[in-house]
1. Here's a check for you: in segment 184-196, which residue that is surrounded by 16 or more Cβ atoms within 10 Å (Cβ to Cβ) and either charged (D, E, K, R) or out of contact with any Ser or Thr (no Cβ under 7 Å at 6 or more places or on another chain) (or both) is farthest from Pro211 (Cα to Cα)?
2. Scan segment 138-175 residue by residue and report those that are hydrophobic (A, V, I, L, M, F, W, C) and under 23 Å from the mean Cα position of the chain (by Cα).
3. Please determine, by comparing only the residues of segment 319-331 that are without any contact (Cβ under 8 Å) to a residue 40 or more places away in the chain and open to solvent by 40 Å² or more (accessible area, probe 1.4 Å), which one is farthest from Arg275 (Cα to Cα).
4. From the list Val166, Val162, which residue is crowded, with 18+ Cβ neighbours inside 10 Å, modelled with pLDDT of 95 or more and outside any strand (DSSP E or B)?
5. In segment 71-107, which residues are crowded, with 21+ Cβ neighbours inside 10 Å and more than 21 Å from Ser368 (Cα to Cα)?
6. Can you tell me which condition Val223 does not meet? The list is (1) surrounded by 15 or more Cβ atoms within 10 Å (Cβ to Cβ); (2) over 27 Å from Leu336 (Cβ atoms), and all the others hold.
7. For segment 338-360, enumerate the residues that are part of a loop (DSSP other than H, G, I, E, B) and either touching a Leu at 6+ places or on another chain (Cβ under 7 Å) or closer than 24 Å to Phe291 by Cβ (or both).
8. Of all residues being more than 17 Å from Ser206 (Cα to Cα) and of a type outside the set (D, E, K, R) in segment 238-263, which is least open to solvent (accessible area, probe 1.4 Å)? Just the residue, please.
Amino acid sequence: MARYDVVVVGARCAGAATAMLLARRGFRVLVVDRERYGADTLSTHALMRGGVLQLHRWGILDAVKAAGTPTVRSTSFHYGDDVVEVQIKPKEGIDGLYAPRRKVIDRLLVNAARSAGAEVVYETRLVDLLRSGNRVCGVRLKAVDGEPFEVGAELVIGADGVRSTVARLVGAEPYKTGRHATGVLFNYWSDTNITGYHWCYRPGVSVGVIPTNDGLACVFVSVSQRRFRDEIGSDVAGGYPRLLKECNPALGAVVERATRMENYRGFAGQVGFFRQSWGPGWALVGDAGYFKDPLTAHGMTDALIDAELLAQAAAQGSESALAEYQRARDDRATGLFDVTDAIASYDWDLKKVAELHRALSDEMKKESSAVTNWSQDRRQDVR
């Protein structure tokens, strides 16, 4: 039976970044993912400053730019007909924000993990965990059209999303949950001539506009989970433009003139949670351990920051370090989680949602400051 120091289940942002950091520290790492290399996935794409700082620190941001990801130099908040524009100031070595497609950023992180020495295997799924007493000591895997096989590991990391198989197999339960969830419809449009992030709000509905690769803009519309179920149902093609125009008629007119590039995709909603994220021989990272509503577009930034927290803990090799990882993650993320849940409630008027955004901004400033301190204290992870 092959043995590794760490097996990571899931090769998206959280899993690939964690594997890269551990491999750079000299650990023998295996990453498995059930999808194909470079496969796309549902995402808002937007990286906030903390996430961009991580890519810069790790030496990956230049490759993100080289892939044609546009630089975002402003963020505009639309409250009804009023607009508040915020310029993104160059700081700490980054010149703006970025929103790479997942088929771009996930691939770049996997490439970096491989360059650091990690082994990455696709189209392979987790079947079961191996145990020695109450401790996880490996995985049972199955490749497409292959026979199950076993791999030993000192630590198994679940980076396999909201419906994590690792979390299910270890019985990881939520200890904090949100109260609200939104339903979201996505699509990609060319010829919009939109630059910058745009976040649009009217009572009961919101819209996000995120410039991404290939000259496209990801435009999503969001409503409460109940309204999504009752008003949209299977009428995605009709519900999307109707909600878009309800929230921001001018943007609706822009999209009406633009060219739709892909099929509509939807997310019917998931209440946010914090799960128990460590135990003897196992840990969770990314959406597997902590998930909040996508309305504030912070998931990729969470994944990149938490990957480093977990890599640091795993390198120490103790259960107390893993417990500290979960505590540090929760200290960082709880404020963001609570504000996001309040925005996802749609129980606000425009004055209230603007206040919530100011609170969200304060939490993100704290987050960026923490990452900046890592840059000063832990330069050994930079390549």
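The values are calculated or read from the model by the stated rules, or taken from the named source; none is laboratory data. All values reported here derive from a predicted model rather than from experimental measurement. FYI the Cβ positions are ideal-geometry reconstructions off the backbone, even for glycines, and counts take in every protein chain you see. Note: areas computed on protein heavy atoms with side chains; ligands, DNA, RNA excluded. Shrake-Rupley method; radii C 1.70, N 1.55, O 1.52, S 1.80 Å.
1. Taking segment 184-196 as the starting set, the residues that turn out to be surrounded by 16 or more Cβ atoms within 10 Å (Cβ to Cβ) are 184-189, 192, 194, 196.
Right, trim to either charged (D, E, K, R) or out of contact with any Ser or Thr (no Cβ under 7 Å at 6 or more places or on another chain) (or both) and you get 185-188, 192, 194.
Values: Leu185: 16, Phe186: 13, Asn187: 12, Tyr188: 9, Thr192: 10, Ile194: 7 Å.
This residue is Leu185.
2. Leu155, Val156, Ile157, Ala159, Val162, Val166, Ala167, Leu169, Val170, Ala172
3. If we take residues in segment 319-331 being without any contact (Cβ under 8 Å) to a residue 40 or more places away in the chain and open to solvent by 40 Å² or more (accessible area, probe 1.4 Å), then Ser320 is farthest from Arg275 (Cα to Cα).
4. Val166
5. His78, Arg101, Val104, Asp106
6. (2)
7. Those that are part of a loop (DSSP other than H, G, I, E, B) and either touching a Leu at 6+ places or on another chain (Cβ under 7 Å) or closer than 24 Å to Phe291 by Cβ (or both): Ser345, Tyr346, Asp347, Trp348.
8. Going through segment 238-263, the residues more than 17 Å from Ser206 (Cα to Cα) turn out to be 256-263.
With the extra rule that they be of a type outside the set (D, E, K, R), the set shrinks to 258-259, 261, 263.
On the way: Ala258: 16, Thr259: 63, Met261: 96, Asn263: 119 Å².
Only one residue fits best here, namely Ala258.
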